[in-house]
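Q: This is the structure I want to talk about, given as structure tokens.
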Amino acid sequence: VQLQASGGGLVQAGGSLKLSCAASGRAFSAYDVGWFRQAPGKEREFVAAIRGRGGSTYYADSVKGRFIISRANAKNTVDLQMNSLKATDTAVYYCAAGFYIRDMEAAREYNYWGQGTLVTVSS
């Protein structure tokens, strides 16, 4: 499967952005999908994830209550709605996918990665 992340940009603190991860390939609805981010000089960190089976969602504490992950299987997309953005949310955001992921927060468990989209939040 190939992933394409889009929707990044420049936004003021308190604003909103919606990122989209578009997938090519069949059976994408069965994949577990996660969003990760990497800020300059920092390690990649987990943001949110959604199961392919059942649709359970997972969030990092830092984004809980502000970000919403959802998927539209008919469109082969997984979106990340980001609200109440903070300067600390500034990073390159990546979507990733894999099958039967045990630890949804662990980047090493995802087999497929998109190219990343830059989100810049100005304070």
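Q: Along the Cα→Cβ direction, 7 angstrom out, place labels at R44 and S84. What is the inter-label distance in nm?
A: It works out to 2.8 nm between the two label points.
Q: Using modelled amide H (1.01 Å from N, peptide plane; none on Pro or chain starts), what sits under 5 Å from the amide H of K86, excluding residues fewer than 5 places away?
A: G14
Q: What range in the chain is the longest one free of chymotrypsin sites (Phe, Trp or Tyr not before Pro) that are in a loop by DSSP and have at most 15 other Cβ atoms within 10 angstrom?
A: 1-98
Q: Please report, as a whole percent, how much of the solvent-accessible surface of region 1-67 comes from carbon and sulfur atoms (probe radius 1.4 Å). Before the final figure, lay out the partial values.
A: Working: 1560 of 3470 Å².
Result for region 1-67: 45 percent of the exposed heavy-atom area is carbon or sulfur.
Q: Using +1 on the beta carbon of Lys and Arg, -1 on that of Asp and Glu, and nothing else charged, what's the dipole of region 11-123 about the Cα centre, debye to 20? If you can, show how the numbers build up before the last one.
A: Values: 14 positive and 9 negative charges, 51 e Å.
That gives a dipole near 240 debye.
Q: Same structure, new question: Counting only C-alpha contacts under 8 Å and six or more residues apart, can you give the relative contact order of the chain as a whole percent? Please list the in-between numbers first.
A: Values: 309 pairs, mean separation 44.3, N = 123.
Relative contact order comes out at 36 percent.
Q: Shifting gears a bit: Please give every one of the lysines within straight-line cross-link reach of K42, meaning a C-alpha to C-alpha distance under 28 Å, and leave out same-chain neighbours fewer than 8 residues apart.
A: Cross-link targets: K18, K64, K86.
Q: If exposed means no more than 11 neighbouring beta carbons inside 10 Å and the site is in a DSSP loop, what's the longest run of the chain without any exposed trypsin sites (Lys or Arg not before Pro)? Intermediate results must be reported in sequence, preceding the final value.
A: Details: sites that count: R26, K42, R53, K64, R102.
With trypsin sites (Lys or Arg not before Pro) excluded where exposed in loops, the chain gives 65-101 as its longest stretch.
Q: Would you mind computing, in nm to one decimal, how far apart the modelled labels at N111 and Q2 are, each placed 7 Å from Cα along Cα→Cβ?
A: 1.8 nm
Q: Just the ratio, please: alpha-carbon radius of gyration of the chain over 2.2 N^0.38 Å, N its number of residues. Display every interim value, and only then the final one.
A: Values: Rg = 13.3 Å, N = 123, 2.2 N^0.38 = 13.7 Å.
Ratio of Cα Rg to 2.2 N^0.38 Å: 0.97.
Q: If you don't mind, another one. Can you give me the accessible area per residue for the chain, using a 1.4 Å probe, in Å²?
A: Numbers: 6350 Å² over 123 residues.
Normalised by residue count, the accessible surface of the chain is 52 Å².
Q: Taking the Cβ-Cβ separation of D61 and R102 as r and a Förster radius of 25 Å, what is the calculated FRET efficiency to the nearest 0.05? Write out the running numbers ahead of the final one.
A: Details: r = 20 Å, r/R0 = 0.80.
For D61 and R102, the calculated efficiency is 0.80.
Q: Distance in nm between label sites at R53 and S16, each 7 Å beyond Cα in the beta-carbon direction?
A: Using points 7 Å along Cα→Cβ, the separation is 3.4 nm.
Q: Right, here's the next one. Working with all protein chains in place, sort T57, T77 by solvent-accessible area computed with a 1.4 Å probe, largest first. Spell out each step's value before the answer.
A: Numbers: T57 65, T77 20 Å².
Ranked list, largest accessible area first: T57, T77.
Q: A further question on this structure: Taking the dipole about the Cα centre of the chain, with the C-beta of Lys and Arg at +1 and of Asp and Glu at -1, give me whichever of M104, T117, G55 is farthest to the positive side.
A: G55
The values are calculated or read from the model by the stated rules, or taken from the named source; none is laboratory data. Values in this document were obtained by computation on a predicted structure and should not be read as measured data. For neighbour counting, all protein chains shown are included, and Cβ atoms are generated from backbone atoms with ideal geometry for every residue, glycine included. Side chains are part of the model used for accessible areas, which takes the heavy atoms of the whole protein and leaves out ligands, DNA and RNA. Shrake-Rupley method; radii C 1.70, N 1.55, O 1.52, S 1.80 Å.
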